[in-house]
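The values are calculated or read from the model by the stated rules, or taken from the named source; none is laboratory data. Treat the numbers as computed from the prediction; the structure is a model and nothing was measured. Here Cβ is always computed from backbone atoms with ideal geometry, including for glycine, and neighbour counts include all displayed protein chains. Surface areas here come from the heavy atoms of the whole protein model, side chains and all, with no ligands, DNA or RNA. Shrake-Rupley method; radii C 1.70, N 1.55, O 1.52, S 1.80 Å.
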Amino acid sequence: MNYIGEHLLPGQLGHFFAVLSLITSLIATIAYFKSNKAALPQDKQSWLRIARAAFLVETISVFSIFIILLFIVANHYNEYFFAWNHSSRSLQPEYLLSCIWEDQSGSFLLWNIWHCVLGWIIVWKVKKWEAPVLTAVNFAQFCIATMLLGVYVFGVKIGSNPFILFREQMPNLPLFTNPNYLSMPRVHEGNDLNALLQNYWMVIHPPVLFLGFASTIIPFAFAYAGLVNKDHTWTKDALPWASFSAAILGLGIMMGAAWAYESLSFGGYWAWDPVENASLVPWIILVAGLHTNLIYKSSGYSLKSTYLFYILSFVLVLYSTFLTRSGVLGDTSVHAFTGADMNVQLALFVLVFLVPALFLYFKRLKEIPTIHKEENTYSREFWMFIGALVLCLSGIIIIAKTSLPLFNKIFGTKIAEPEDREFAYNQVQIFIAIIIGILTAVSQYFKYKDTPKAYFGKKIGWPTLISLVISVAISMFGGISFDKKGIGFLIAIHVAVFAAVYAVVANIGYIWIGLKGKIKAAGASVAHIGFGLILVGILISSSKKTVLSWNTTGFAVQLGNDKENPAENITLFKNIRTDMGKYHVTYVTDSVNKHDRKKYFELKFENKRSGETFFLYPDVMRMNKGQEQPSANPDAKHYWNKDIFVYVTSWTEGKKNDTTGFTPNEAKVGDTMFYSNGLVILNKVEIDTENKLKKTEPGETAMILDMTAISKEGSRYPVTPAIAISADHKSFRNMPDTVVAQGLILQFNKLVDEKAGKFEIGMKEDKGANDLLTLKVYEFPFINVLWIGVIIMFIGFLMSIQQRIKKRGGKLIAAD
């Protein structure tokens, strides 16, 4: 069958380059390996030229794949399954890049791109280490290239071809019997990008995060080079790379936290989601390796640990790739891919690096230089090593808990996830934070090898006292009273606040006390200050996070998320000013933005104390990709010391045509009638001769029932149903009145007994008569301390990199 409108050439070219990148990466791996092993200089150079040529072709192929794939997506060539499944014609152009890394193959491609970039920096700067380091890099390239093949070998599928046609991916669909299937609306429009990814953070966060993932192979490759060549001088050259990797990976992780804070509706920035954990653990182990590397550089200790940590940091990146892409975490994470057809290949990707690296490590273990004399407990290297071990322990605990679904799958067990996932992690990690905070504070005040006790006590005294005063002030006057998990955990929070403040103050002090104000040499201290601020921000914002949206109206709706507590969600009626603790909140209006296809809700906040007024615009977006519940995107009002954070948990559009009947009730002045959420009192009856209601026509006179509705919560609402009587008293019409906040409508039906003063009043409860909006509102105190800490820590890493490059003669990696 000849299909109409298909563009086959881009896909054919793309697949050609995918195969070419596979072949050339293998050639480059072999050539670099041979160059490293060659004994004669001319043989080394000959193999090196072949390796570089192959690497160049490989790089061109990888970038060509990306350009072609982006071209296909941008032009909406929906004959390709990738373009149809990850984009749509109504998608905002700025999110086209996000379409690439929504798919597994696209994110692998991004990983490959960064390997190419990093590889050429190594080629540019390296003399001694190029061959062994790029052997490891190109072998990783080869493994990743297999993920983009999508071919069957002996009935086993290898990789996923991003250039497969829609009709080849799903050949049994009836629509492909139509040669003009591309004109069909469902195909022509496209399946769209996942609603959660339609956010500016998802354009910049994945490239940064994958640069961090990709960069972890460089310290690993240096460790491989040291082991295979029995040359342990690599550690000085690896330091700037390890610092760069830690900086970028850490930044990428926290960009993900910022995305979660701005785009997800769990009310925070970190939820110990398995995918979050899987990216965090390699960073923790890498930072541990960076510190043992520094120990070895300055004292000769901890080389074995440095080898092991650098190996594990990259292997854990591969393991996190397996966890998040194999489908193992599909039921426990909102971020995980579900690609079970690549389980074996992903597992082999981990093992093919883990097993040979550990084999080589243990084979060379006795040959690795070691100082057998124990470190002095009053030395910097001793406490830095303790800190590295604590970090390693933290990583082990996190990855063990995260791997529970895999453990259950392998061993057939049914160990349940903890009911409170966050606390299950926090109850352990808070003690890790205490230890690391204190060690971050005191370690730099020790000298390498030995420190006089009097010197240490003199230098650390003032920072300790200042930190104690500040942390006690925070504990006493900061209102930290998080007692939901018991007094023990609350005490741990206060101790952790001291440790975090101590890390900040002591490192600020060290810049002047230890470094004599030499800021250019203070990269490590600046990074530690940033880390301490991150801990302060996490502890205060989390422990003092306050729910503002307590349900004071007594009106509850069915919430879309069963994890939401109805008592913590307030329901607003459109245009009704509602009391919400510190604020009056009004649901003003809503509208649909055709550009980004989101429904925005305009909320007016009025601070009762200060009188300040501001508006917030949380939104919801129709979910796709088989997810039924709409995606709620929060909005926040940012202050220097807090955020007011709001997101929608439910909304209901009012009925346009009301068919509910009134229930008649007889009452006289002073009588009480009841409705489901309270009572109504008839205060008095009056004749409206001055047209107070502004509802009567010329010649009409209104008889008004002055009534008060009182809810169970004590809220009072005036309500005035009336009847308009014509001038000749021959006709009348009802003028019902509504208590919108209670969904209560009252109607003056008739006068039953004039002598007894008895009236018939119709009562109707209709909660759907008006637009409803249910919100969750938090106050995050000092959340900005966290984000400032991230920026400062990143700057500190960059300062350290610059400092080490300067020490190495202006070269990123030495040329000796």
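Numbers at a glance
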item: First in the range 736-750 and closer than 19 Å to residue 702 by Cβ and of a type in the set (Asp, Glu), second anywhere and at pLDDT 90 or above and not in a strand (DSSP E or B), Cβ under 9 Å, 6 or more apart; result: 737/720; 737/721
item: Residue tally, condition open to solvent by 10 Å² or more (accessible area, probe 1.4 Å) and modelled with pLDDT under 90, over the range 125-156; result: 10
item: Hits in the range 510-525 - residues which are open to solvent by 20 Å² or more (accessible area, probe 1.4 Å) and assigned to a helix (DSSP H, G or I); result: 510, 512, 513, 519, 520, 521, 524
item: Some residue of the range 163-176 being aromatic (Phe, Trp, Tyr), on the phi < 0 side of the Ramachandran plot and not in a helix (DSSP H, G or I); result: yes
item: Residues (open to solvent by 90 Å² or more (accessible area, probe 1.4 Å) and among the small types (Gly, Ala, Ser)) located in the range 36-70; result: 39
item: Tally of residues being at pLDDT below 90 and either over 19 Å from residue 633 (Cα atoms) or assigned to a strand (DSSP E or B) (or both) across the range 593-619; result: 2
item: Test: residue in the range 157-175 that is farther than 27 Å from residue 14 by Cβ and modelled with pLDDT under 95; result: yes
item: Any hit, the range 419-442, residues being surrounded by fewer than 12 Cβ atoms within 10 Å (Cβ to Cβ) and either in contact with a helix residue (DSSP H, G or I) (Cβ under 8 Å, 6 or more places away or on another chain) or modelled with pLDDT under 90 (or both); result: yes
item: Options 208, 133, 153: the member that is out of contact with any strand residue (DSSP E or B) (no Cβ under 9 Å at 6 or more places or on another chain), under 30 Å from residue 621 (Cβ atoms) and among the aliphatic types (A, V, I, L, M); result: 208
item: Top-ranked residue of the range 39-83 - restricted to ones that are assigned to a helix (DSSP H, G or I) and among the hydroxyl-bearing types (Ser, Thr, Tyr), ranked as nearest to residue 22 (Cα to Cα); result: 61
item: Selection count where residues are open to solvent by 50 Å² or more (accessible area, probe 1.4 Å) and either of a type in the set (Val, Ile, Thr) or closer than 17 Å to residue 302 by Cα (or both), scope the range 351-367; result: 5
item: Options 709, 741, 756; residue that is modelled with pLDDT of 85 or more, among the small types (Gly, Ala, Ser) and open to solvent by less than 40 Å² (accessible area, probe 1.4 Å); result: 709
item: The range 230-277, residues that are in contact with a strand residue (DSSP E or B) (Cβ under 7 Å, 6 or more places away or on another chain) and in a helix (DSSP H, G or I); result: 263
item: Residue 179 being in a loop (DSSP other than H, G, I, E, B), touching a residue at least 12 places away in the same chain (Cβ under 8 Å) and touching an Asp or Glu at 6+ places or on another chain (Cβ under 7 Å); result: no
item: Selection within the range 87-109 - open to solvent by less than 10 Å² (accessible area, probe 1.4 Å) and part of a helix (DSSP H, G or I); result: 98, 99, 100, 105, 106, 107, 108, 109
item: Exclusive hit being in contact with a Lys or Arg (Cβ under 7 Å, 6 or more places away or on another chain), assigned to a loop (DSSP other than H, G, I, E, B) and either over 26 Å from residue 293 (Cβ atoms) or in contact (Cβ under 8 Å) with a residue 24 or more places away in the chain (or both), set 413, 451, 370; result: 370
item: Within the range 4-25, considering residues that are buried (at least 19 other Cβ atoms within 10 Å of the Cβ) and hydrophobic (A, V, I, L, M, F, W, C), the one farthest from residue 145 (Cα to Cα); result: 17
item: Residue 529 open to solvent by 50 Å² or more (accessible area, probe 1.4 Å), assigned to a helix (DSSP H, G or I) and modelled with pLDDT of 95 or more; result: no
item: Breaking point among (1) of a type in the set (Gly, Ala, Ser); (2) at pLDDT below 95; (3) in a helix (DSSP H, G or I), for residue 481; result: (3)
item: Selected residue (criterion: most open to solvent (accessible area, probe 1.4 Å)) from residues of the range 256-310 that are of a type in the set (D, E, K, R) and within 20 Å of residue 365 (Cα to Cα); result: 297
item: Considering residues of the range 653-686 that are farther than 15 Å from residue 742 by Cα and in contact with a helix residue (DSSP H, G or I) (Cβ under 7 Å, 6 or more places away or on another chain) only, the residue modelled with the highest pLDDT; result: 655
item: Hits in the range 724-768 - residues which are closer than 19 Å to residue 578 by Cβ and outside any strand (DSSP E or B); result: 740, 741, 742, 743, 766, 767, 768
